[in-house]
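Here's the structure we're looking at; comments come further down.
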Amino acid sequence: MLLDAGYISEGYIQGMLNRDHSLTTYIGNDIAIPHGEYEVKDCVKKTGLAIQVYPDGVEWAGSRARIVIGIAATTDEHITILQNIAERLGDMEMVEKVVAGDPDLIHRIMTMEAA
């Protein structure tokens, strides 16, 4: 999704896979946040997110991920992005709202337009 939207070049995808194989990007609350290794940050064209919802979950490092948020950041913006994800999806009530799958609601939650 990040590639199709023009946020990354193809090399970033392998960096995302490498990162998850060396250190899982599953963060709990049914959420995984795949992102690339430092070595492929030059493959990021612009900062962006790609969110995929799996209502029944997918296996992720021995856990179940229902929300997968791909992250591409051109600078240290990934730290702010991670903080925002933790704040917005820190409780399971918000996770359940996102898993319900309404794209407009997901956008509002992730941009803090909805409580």
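Under 30 Å from the Cα of LYS97, which lysines turn up, not counting those fewer than eight places away in the same chain?
LYS46
Any idea which of GLY62, ILE79, LEU105 is furthest toward the positive side of the dipole for region 15-115, if Lys and Arg beta-carbons carry +1 and Asp and Glu beta-carbons -1?
It is ILE79, whose Cα lies furthest towards the positive end.
Counting heavy atoms of the protein chains only and a 1.4 Å probe, report the per residue accessible area for the chain as a whole number of Å².
For the chain, the per-residue accessible area is 57 Å².
Only one of the values [x] 6.7; [y] 10.6; [z] 7.9 was calculated from this structure for mean projected area of the Cα convex hull in nm²; name its label.
Computed from these coordinates, mean projected area of the Cα convex hull in nm² corresponds to label [x].
Only four residue types carry charge here, +1 at the Cβ of Lys and Arg and -1 at the Cβ of Asp and Glu. Report the dipole size of the chain about the Cα centre in Debye, rounded to the nearest 20.
Details: 9 positive and 18 negative charges, 21 e Å.
Dipole size: approximately 100 debye.
The values are calculated or read from the model by the stated rules, or taken from the named source; none is laboratory data. All values derive from a computational prediction rather than experimental measurement. Cβ: placed from backbone, ideal geometry, glycine included. Neighbour counts: every protein chain shown. Accessible surface areas use protein heavy atoms only, side chains included; no ligands, DNA or RNA. Shrake-Rupley method; radii C 1.70, N 1.55, O 1.52, S 1.80 Å.
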